[in-house]
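Report on the following structure.
The values are calculated or read from the model by the stated rules, or taken from the named source; none is laboratory data. Computed from a predicted structure; not experimentally measured. All Cβ positions, glycine included, derive from the backbone under ideal geometry; neighbour counts span all protein chains shown.
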Amino acid sequence: MIRERDIEAYLKKRVQEAGGEYRRVSWLGRNGAPDDFVMLNGGHWTECKAPGEKPKPHQLREHELMNSRGIPVYVLDSFMAVDRFIGKITRNV
């Protein structure tokens, strides 16, 4: 069974392989904010989930707030989703 932490570890590995940096983030006073920051061709917020798991309502509210301010949040729930994300942010560079 693949867990959320397996997706996070894979994201970190793929980001580092692509020459980027990965940070696990803890927010003070912002319950539901994304957990991971990827520094690769800019900065990107990600939320890792176990396969089939969806963000909780309080997380969706925070993601929507960030998206409405022009700060996209990517929800990654599989190794394939991580690979697509890496492909998207490294394309045309």
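Here is a yes/no grid of residues against (1) of a type outside the set (S, T, N, Q); (2) at negative phi; (3) free of Cβ contacts under 8 Å to residues at least 24 places away in the same chain:
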| site | (1), (2), (3) |
| --- | --- |
| 11 | yes, yes, no |
| 25 | yes, yes, yes |
| 37 | yes, yes, yes |
| 49 | yes, yes, no |
| 59 | no, yes, no |
| 63 | yes, yes, no |
| 90 | no, yes, no |
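What is the one condition in (1) over 15 Å from the mean Cα position of the chain (by Cα); (2) free of Cβ contacts under 8 Å to residues at least 12 places away in the same chain that residue 2 does not satisfy?
(2)
Do we find a residue being in contact with a Leu (Cβ under 9 Å, 6 or more places away or on another chain), within 21 Å of residue 64 (Cβ to Cβ) and surrounded by 13 or more Cβ atoms within 10 Å (Cβ to Cβ) anywhere in region 7-25?
So far as region 7-25 goes, no, none of its residues is in contact with a Leu (Cβ under 9 Å, 6 or more places away or on another chain), within 21 Å of residue 64 (Cβ to Cβ) and surrounded by 13 or more Cβ atoms within 10 Å (Cβ to Cβ).
Check 55, 51 and return the single one that is surrounded by 13 or more Cβ atoms within 10 Å (Cβ to Cβ), modelled with pLDDT of 95 or more, touching a strand residue (DSSP E or B) at 6+ places or on another chain (Cβ under 8 Å) and part of a loop (DSSP other than H, G, I, E, B).
Checking each option against the conditions leaves just 55.
What single numbered condition from (1) over 23 Å from residue 87 (Cα atoms); (2) surrounded by 14 or more Cβ atoms within 10 Å (Cβ to Cβ); (3) out of contact with any His (no Cβ under 6 Å at 6 or more places or on another chain) fails to hold for residue 64?
Exception for residue 64: condition (2).
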